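*Asks:* Encoded as structure tokens, here's the structure I'll be asking about.
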Amino acid sequence: FSSMNKSGTRSGNRGLCAQPRRQMYELSNNGKVLSSGHLISPKDRCAISLIPDLIKAGVSSVKIEGRMRDADYVCAAVKTYRRIIDAFYDGSLNDEMIETAERELLVNFNRGGGFTTQNLTGKKDPQILSGDYVGKFGLKIGRITLRDCKEGTITIKPSKDAVEPSKGDYLSLRDKNGEIKSFPVGKVSRFKGNMVVKGLHPSSIKELPDDVNVYLVNHEFDQYGNTSRKTHIDVYFDASAEGVIKASARVMEGPLQDD
């Protein structure tokens, strides 16, 4: 489908997907429009729950999506899969661990509020499509039960097993029509089991309608940490008029020196 785009050069199999599934479409019958929207946008795939089956089936290598993704996405995905794979081999893997890992990945990135395994299991998923929210969906953590413009806070009744936001995380406030506001968290406190969050401007709090759901769209989990590292590599090239004819690299010992 992607390769049919314009000149026919956007082949999804060659890393140039034009993302046609994320576009708007109309479904019609004899000229009558039956529905419209993101009609063929599927949810993202996730194989976390299938790791034991994949290993038992003889899979020895897993390719983690990274193209066109930022460093945080790649870091979170790779570390999560690594943790689940290691837990399988040391015998500590359980359902709770898998559920926690899936929640972490949902916060990291997902479309439509969930994942699908249909492509791997062959079992039909009635919720395979993401709906009209094709961007970063996040993870629903609760709904607003109280607004205090004077204090500049919103009180959130948490969903079951909700991930609690931290300072610097981003929240998205939505009703049935879509996103109303998004903002970085300034402070979080607890009151009678609810989460009291500062960060949204008082004037914006005043404008909020009733029945607003809250989604966590950015969160740094403790196990990710700061994993950035640099390795000093010297690269050598031999070239001629015809181009590069030989290239070699050598990993250097010792600390990296900024150059």
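The values are calculated or read from the model by the stated rules, or taken from the named source; none is laboratory data. Everything numeric in this text was worked out from a predicted model, so none of it was measured. Here Cβ is always computed from backbone atoms with ideal geometry, including for glycine, and neighbour counts include all displayed protein chains. The protein model used for the area step is the full one, side chains on, heavy atoms only, and it has no ligands, DNA or RNA in it. Shrake-Rupley method; radii C 1.70, N 1.55, O 1.52, S 1.80 Å.
*Asks:* So how exposed is E220, as accessible area in Å² (1.4 Å probe, rounded to 10)?
*Replies:* 130 Å²
*Asks:* From the square roots a ≥ b ≥ c of the eigenvalues of the alpha-carbon gyration tensor of the stretch 92-139, which class results: rounded (a/c under 1.5), prolate (a/b over b/c), or oblate? Intermediate values should be presented prior to the final figure.
*Replies:* Details: a/c = 3.08, a/b = 1.22, b/c = 2.52.
It comes out oblate by the Cα gyration axes.
*Asks:* Further, regarding this structure: Considering all alpha-carbon pairs of the stretch 133-186, what whole percent are spaced by more than 16 angstrom? Show your work: numbers first, answer last.
*Replies:* Working: 654 of 1431 pairs.
The answer is 46 percent, as a whole percent.
*Asks:* Once all Cα-Cα distances of the chain are split into 10 Å bins that start at 0, what whole-number percent is in each one?
*Replies:* Whole-percent P(r) values from 0 Å outward: 6, 21, 26, 24, 16, 6, 2, 0.
*Asks:* Still on this structure, please answer the following. Tell me the accessible surface of M97 in square angstrom (1.4 angstrom probe, heavy atoms of protein chains only), to the nearest ten.
*Replies:* Roll a 1.4 Å probe over it and M97 shows about 50 Å².
*Asks:* With labels modelled as points extended 7 Å from the Cα through the Cβ direction, what inter-label distance (nm, one decimal) is found for K157 paired with T9?
*Replies:* Placing both labels 7 Å beyond Cα along the Cβ direction yields 5.6 nm.
*Asks:* Average projected area of the Cα convex hull of the stretch 37-127, in nm²? Numbers along the way, then the final one.
*Replies:* Details: hull surface 27.3 nm².
The Cα convex hull of the stretch 37-127, projected and averaged over all directions, gives 6.8 nm².
*Asks:* Under 15 Å from a point placed 7 Å out from the Cα of T145 along the Cα-to-Cβ direction: which residues of the stretch 168-189 have their backbone N that close?
*Replies:* 189
*Asks:* Run the 1.4 Å probe and let me know the accessible area of L129, rounded to the nearest 10 Å².
*Replies:* Spelled out: L129, probe radius 1.4 Å, area about 80 Å².
*Asks:* To continue, here is another question. Which value in nm describes the separation of the simple spin-label points at A239 and L120, placed 7 Å from the Cα toward the beta carbon?
*Replies:* 4.4 nm
*Asks:* Excluding Q118 itself, calculate the net charge of residues whose Cβ lies under 11 Å from the Cβ of Q118, where each Lys or Arg counts +1 and each Asp or Glu counts -1.
*Replies:* Values: positive: K43, R45, K123, K124; negative: D125.
Value of the local net charge: +3.
*Asks:* Whenever you get a sec, compute what percent of the accessible area on the stretch 81-171 sits on carbon and sulfur atoms (1.4 Å probe). Before the final figure, lay out each step's value.
*Replies:* Numbers: 2480 of 5170 Å².
Ligands and nucleic acids excluded, carbon and sulfur give 48 percent.
*Asks:* What is the stretch 96-175 by shape, rounded, prolate or oblate, if you read a ≥ b ≥ c off the alpha carbon gyration tensor as root eigenvalues and call it rounded for a/c under 1.5, prolate for a/b larger than b/c, and oblate otherwise? Walk me through the intermediate numbers first.
*Replies:* On the way: a/c = 2.65, a/b = 1.99, b/c = 1.33.
Taking the square roots of the gyration eigenvalues as a ≥ b ≥ c, the stretch 96-175 is prolate.
*Asks:* Could you compute the net charge surrounding L50? Neighbours are other residues with a C-beta less than 12 Å from the C-beta of L50; K and R count +1, D and E count -1. Walk me through the numbers on the way to the answer.
*Replies:* Numbers: positive: R45, K56, K123; negative: D53, E102.
Residues near L50 contribute +1 overall.
*Asks:* Once you list every other residue whose beta carbon is under 15 Å from the beta carbon of P158, what net charge do they have if Lys and Arg are +1 and Asp and Glu are -1?
*Replies:* +4
*Asks:* Can you compute the equivalent ellipsoid semi-axes for the stretch 1-83, i.e. the square root of 5 times each eigenvalue of the Cα gyration tensor, sorted largest first and rounded to whole Å? Before the final figure, lay out the partial values.
*Replies:* On the way: eigenvalues 220, 61, 36 Å².
That gives 33, 18, 13 Å for the three semi-axes.
*Asks:* Take the Cβ-Cβ distance between F191 and S166 as r, set R0 to 30 Å, and report the resulting FRET efficiency rounded to the nearest 0.05. Don't skip to the end; give the middle numbers.
*Replies:* On the way: r = 17 Å, r/R0 = 0.57.
About 0.95, to the nearest 0.05.
*Asks:* Assuming a ≥ b ≥ c are the square roots of the Cα gyration tensor eigenvalues, decide whether the stretch 172-215 counts as rounded (a/c under 1.5), prolate (otherwise, with a/b larger than b/c) or oblate. Write down the numbers at each step before the final one.
*Replies:* On the way: a/c = 1.85, a/b = 1.44, b/c = 1.28.
Cα axes put the stretch 172-215 in the prolate bin.
*Asks:* So, for the chain, what is the accessible surface per residue at a probe of 1.4 Å, expressed in square angstrom? If you can, show how the numbers build up before the last one.
*Replies:* On the way: 17280 Å² over 259 residues.
The answer is 67 Å² per residue.
*Asks:* Quick one: which residues, 5 or more positions from L200 or on another chain, have an amide H under 5 Å from its amide H? H modelled 1.01 Å from N in the peptide plane, none for Pro or chain starts.
*Replies:* It is none; the list stays empty.
*Asks:* Among the listed pairs K43/K198; K123/K176; K157/K198; K136/K230; K43/K136, which are separated by more than 22 Å between their Cα atoms? Walk me through the numbers on the way to the answer.
*Replies:* Numbers: K43/K198 32 Å; K123/K176 30 Å; K157/K198 15 Å; K136/K230 30 Å; K43/K136 11 Å.
In this structure, K43/K198; K123/K176; K136/K230 exceed 22 Å between Cα atoms.
*Asks:* For the pair L50 and H201, how long in nm is the line joining their label points, each one 7 Å along Cα→Cβ?
*Replies:* So the two model labels end up 4.6 nm from each other.
*Asks:* In what order, largest first, do H232, H201, H38 sit by accessible area if the probe radius is 1.4 Å?
*Replies:* The residues order as H201, H232, H38, largest area first.
*Asks:* While we're here: Stretched out fully, how many nm does the piece from S61 to N94 gain, at 0.36 nm a residue minus the Cα gap?
*Replies:* On the way: separation 33, 0.36 × 33 = 11.88 nm, distance 2.15 nm.
In short, 9.7 nm is gained.
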